[in-house]
1. Considering region 128-140 alone, what residues qualify as being touching a residue at least 24 places away in the same chain (Cβ under 8 Å) and out of contact with any helix residue (DSSP H, G or I) (no Cβ under 9 Å at 6 or more places or on another chain)?
2. What's the number of the only condition in (1) surrounded by fewer than 15 Cβ atoms within 10 Å (Cβ to Cβ); (2) under 27 Å from VAL220 (Cα atoms); (3) small (Gly, Ala, Ser) that SER297 fails to meet?
3. Among the numbered conditions (1) more than 14 Å from the ligand (Cβ to nearest atom); (2) part of a loop (DSSP other than H, G, I, E, B); (3) farther than 29 Å from ALA288 by Cα, tell me where PRO14 comes up short.
4. Going by what's in this entry, would SER384 be described as of a type in the set (Ser, Thr, Tyr) and within 13 Å of the ligand (Cβ to nearest atom)?
5. Conditions: (1) at pLDDT 95 or above; (2) outside any helix (DSSP H, G or I); (3) buried (at least 20 other Cβ atoms within 10 Å of the Cβ); (4) within 16 Å of the ligand (Cβ to nearest atom). ALA229 meets all but one. Number of the miss?
6. For LEU91, indicate whether it is surrounded by fewer than 21 Cβ atoms within 10 Å (Cβ to Cβ), within 13 Å of the ligand (Cβ to nearest atom) and either closer than 23 Å to GLY266 by Cβ or without any contact (Cβ under 8 Å) to a residue 12 or more places away in the chain (or both).
7. Quick test for you: out of PRO25, PRO11, PRO19, PRO2, pick the one residue that is within 30 Å of ARG324 (Cα to Cα), more than 18 Å from the chain's Cα centre (by Cα) and at pLDDT 95 or above.
8. For PRO180, are the conditions met, namely being under 18 Å from the mean Cα position of the chain (by Cα), under 23 Å from ALA44 (Cα atoms) and either within 12 Å of the ligand (Cβ to nearest atom) or buried (at least 16 other Cβ atoms within 10 Å of the Cβ) (or both)?
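The values are calculated or read from the model by the stated rules, or taken from the named source; none is laboratory data. As the structure is a prediction and not an experimental result, all values here were calculated from the model. Please note: Cβ atoms are built from the backbone with ideal geometry, for glycine as well, and neighbour counts cover all protein chains shown.
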Amino acid sequence: MPSTQHHWGTPPWPIRFKPRPSALPASVDFAIVGGGFTGLAAAAWLKRLAPEKSVAVFEAFKVGEGASGRTGGMALAETAAGDMPGLGDVLSGFQKILHTLDVQCDLDLHGAWEIARKDGRNDSPIAWNDSGTLRVMKHVPGGTVDPGKLVAGLGRSAQRLGAKIHEHHRVTHVAWHREPVLTIERTGAATRAAKNGSRPTHKLTAEKVLFATNALSLRVSGLTHGTHARLTLALLTEPVSESVLRAIGLASRTPFYTTDFPYLWGRVRKDRSIVFGAGLVTSSDVGALETVDIAKSEATQIFARLDQRVRALHPALAKVKLVRHWGGPILFRDTWKPVFGWHPHSNAKHRNGLVIGAFAGHGVALSSYFGCWGAEVLLGKRTSPRWAAANATRTPDPEMRHLNKV
Ligand SMILES: Cc1cc2nc3c(=O)[nH]c(=O)nc-3n(C[C@H](O)[C@H](O)[C@H](O)COP(=O)(O)OP(=O)(O)OC[C@H]3O[C@@H](n4cnc5c(N)ncnc54)[C@H](O)[C@@H]3O)c2cc1C
């Protein structure tokens, strides 16, 4: 039974956008399932390119309640599997999308550091104690965004262009006819707003459907095979002084992530607080992810280890206060490649169901980039990348064995 509320903690950035309520339609040209970066960018792009078409976004909770509102917000180039044929320049595409849609989200692309216990640079600004000494290996293209502003900006843009966004409406089933029929269930606030307090379902016909549901609803999105859904964890320190940032090597505000295990990533925020993240809650299988409570069992143990690791990185962090803990859903594919292709049950002739997701920890820039590309595919203006097909032959990457250890 899907939950109506998550117990995944509260990330530090607010999402200052509430969609205007509107009546549920009986039919739409394009139904988008999922109100994260992917779904909201796709909705805005569809309306921008085809203003005459109707577009409705269905979000089971609130916009940004999945990974997008909970992410670390590092904008990274390429995909988790590296560069791919025909991918193009993800970061410059992302920048253009934000400019075109007039989204202000504090985008700063001054680069990112790959850090590791081996092969670190002699002039590394950081030398952290974490199962060896973590040093900067490489400066790579990348940067940061404010995730709350990015969700809100994409939502506002989609709404301004005419897309309808229905929060607290979960798509529970799709009947794959020539025109797919979606079963939509009210959840949470929408249920309470309903007069009889029941959970009425609504049927809606769409010409085409885009699944942008990431690590949740894998059965409906057709992503149960070759994927691994997890909850990944993050924490926030209190704002630290400039001299602490200098001592730990983060005065340049360059975000960082490890290329070896145990994994660690992080970034400095505008107020000099620092986000660190690591760890995957493994006990959740496909259906159970939504019911994970970060205040219980496995998550508390992972947080206890992460707290210890952060304080042990450098003497300047030994007494730092850790003021917030939260988690968010993440979907890995066996090959690390994201999914961008036709739904396995959609109508092969009419190509009426597209699925985009499984970005692993590499989806901030790529999700908007693919969302807009997906809009062009739905409009028949472009094709999807063949290497990302939903049913592509999968040879699991041997590195996947580390998933349960990070
Ligand atoms: C803690 C954390 C840190 C991360 N850090 C980074 C980082 O620094 N850099 C980076 O590049 N990537 C990072 N990622 C990954 C990145 O955030 C995601 O890849 C990206 O946000 C995915 O966006 P999305 O729109 O595809 O999915 P989501 O944001 O997860 O959106 C999916 C939405 O679909 C909704 N939904 C699900 N099922 C249904 C249904 N049946 N009906 C209606 N709605 C439904 C969900 O409620 C959710 O809002 C991180 C992820 C996490 C969790």
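1. Initially, region 128-140 is screened for residues touching a residue at least 24 places away in the same chain (Cβ under 8 Å), giving 128-131, 134, 136-140.
Selection gives LEU134, VAL136, MET137, LYS138, HIS139, VAL140.
2. Here SER297 clears every test but (2).
3. Among (1) more than 14 Å from the ligand (Cβ to nearest atom); (2) part of a loop (DSSP other than H, G, I, E, B); (3) farther than 29 Å from ALA288 by Cα, the lone unmet condition for PRO14 is (3).
4. Details: of a type in the set (Ser, Thr, Tyr): yes; within 13 Å of the ligand (Cβ to nearest atom): no.
So SER384 does not fit the description; no.
5. (1)
6. Numbers: surrounded by fewer than 21 Cβ atoms within 10 Å (Cβ to Cβ): yes; within 13 Å of the ligand (Cβ to nearest atom): yes; either closer than 23 Å to GLY266 by Cβ or without any contact (Cβ under 8 Å) to a residue 12 or more places away in the chain (or both): yes.
Answer is yes for this residue.
7. Numbers: PRO25 fails: within 30 Å of ARG324 (Cα to Cα); PRO11 fails: more than 18 Å from the chain's Cα centre (by Cα); PRO2 fails: at pLDDT 95 or above.
One residue alone meets the criteria, PRO19.
8. Values: under 18 Å from the mean Cα position of the chain (by Cα): no; under 23 Å from ALA44 (Cα atoms): yes; either within 12 Å of the ligand (Cβ to nearest atom) or buried (at least 16 other Cβ atoms within 10 Å of the Cβ) (or both): yes.
Considered against the rule, which asks whether it is under 18 Å from the mean Cα position of the chain (by Cα), under 23 Å from ALA44 (Cα atoms) and either within 12 Å of the ligand (Cβ to nearest atom) or buried (at least 16 other Cβ atoms within 10 Å of the Cβ) (or both), PRO180 comes out as no.
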